[in-house]
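Read through the structure below, which is laid out as structure tokens, and then see the notes.
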Amino acid sequence: MKNSYQLSNKNIVLGITGGIAAYKAADIVSKLKKEGAQIKVVMTKNALNFINPLTLETLSGNPVYYDTFEHRLNAWEIDHISLAKWADVMLIAPATANIISKARCGIADDLLSTTIMATTSKVIFAPAMNTNMLHNPIVQSNIAYLKDLGYEFISSESGILACGDFGDGKLAKVDDIVKYVKDFFLRTTDMSNMNVLVTAGPTREYIDPVRYISNPSSGKMGYSIAQVCAERGATVDLVSGPTHITPPTGVNLYRVETAREMYDKVMELFPRAQIVFKSAAVGDYGVENKAKHKLKKTKDTMELKLKKNPDILKELGNQKTNQILVGFAAETRDIEEYALKKLQEKNLDFIFVNDVSREDAGFERDTNAGILFTREGDRVELPVQTKRELACRIVDEVLKRI
Ligand code: PMT
């Protein structure tokens, strides 16, 4: 019986868009309701052609919303804002190419699209459309873009479609959609008692006040890890070198520039951390003879003397008591050998190694791939995927072993 109430106290806004699979929304409402969820349905104008709101009102026990200007909540409330705030999650099923494209572009021209724009809760799309539409590069790029922003997608299935074509684009099974929503709520709380420390981005080693040595790290990998942990309920300290990307919401962000500054901040935060993801690309060497004033180009050659920076991760490995250390390794050859050496030498629990010479992985790219090694000798191959998806996989692999 415990399972029957897994969604009790959860508010779900179900968005239904205009596709033949809209009739399955009735079953989705019914099954989510049986799991204890509160459901409010928002329909697009086109969805009204496929299923009668009365069915959904009866099943959900709530009014169905489809007109921005007809207030079905209290007369003084603005529906899309109230619904957006009320939702613990928004599920769009079926989701047409149109609603996905509108979300990608930030278009808010009806009640459903305005609610999607206004919510700060997770939005999960369950696409359903003709195969050629689904595989259209525009739709694929919209899906990839939204995934990168943290929107989630329940993959459609292959089968005979309403138009008679065979292929991908069939709405996922209702039971799978319901399970996805249940798993989502489990996932959002599975790190709720954890403190996580993440480092991201490059460091800068100054030659003089206006010049520095650095590397191309964008911070995308580390920010994705931080975002995923925060979404799963962790308290996240993110120590970041200089980046141009938007920091994830809900994390404690500490900006640093040099390896020394990163060392100091990480050491200060380490005692309260339970897991450390060390994805920053830290400069191994700093400039010993840093000039106080801007250097003038008076000579044809110039010598810089470099000295080793503190190895932050190695120091964490020395100091650790029961913290879990996840190191990252950026390599261009013999990647496994070097990664395993770092795992040992820095006393790590995990190391993720990426081959940064690949076109589709490493610095700056939106995608990454690599291998996660564990202290116990496990080897998990992680194929190319968006950095956010990879962050989810790395976090999953770490959590299931600790
Ligand atoms: O930021 P992006 O553009 O998304 O790129 C992601 C990434 C390629 C930077 C990331 O996936 C990655 O590989 N990060 C580790 C980069 C790195 O410094 O690797 P390394 O092999 O040189 O160092 C090994 C580990 O020791 C790292 O966890 C590093 O943070 C740590 N280290 C290194 C030197 C140092 N002085 N102190 C450290 O803590």
Quick one: accessible area per residue over the chain, 1.4 Å probe, rounded to a whole number of Å²?
49 Å²
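Quick check on the chain: what does the Kirkwood estimate of hydrodynamic radius come out to from the alpha carbon pairs, in Å? Before the final figure, lay out the partial values.
Details: mean 1/r = 0.0427 Å⁻¹.
Mean inverse Cα-Cα distance, inverted, gives 23.4 Å.
Run the accessible area of the chain with a 1.4 Å probe and give the carbon-and-sulfur part as a rounded percent.
After summing per-atom areas, the C and S share lands at 50 percent.
Considering only protein heavy atoms, with the full assembly of protein chains and a 1.4 angstrom probe, order Ile100, Ile78 by accessible area, largest first. Intermediate values should be presented prior to the final figure.
Values: Ile100 0, Ile78 95 Å².
Accessible-area ranking of Ile100, Ile78, largest first: Ile78, Ile100.
The values are calculated or read from the model by the stated rules, or taken from the named source; none is laboratory data. No experiment lies behind these values; they were computed from the predicted model shown. Ligands, DNA and RNA are stripped out before the accessible areas are found, and what is left, the full protein with its side chains, is counted by its heavy atoms. Shrake-Rupley method; radii C 1.70, N 1.55, O 1.52, S 1.80 Å.
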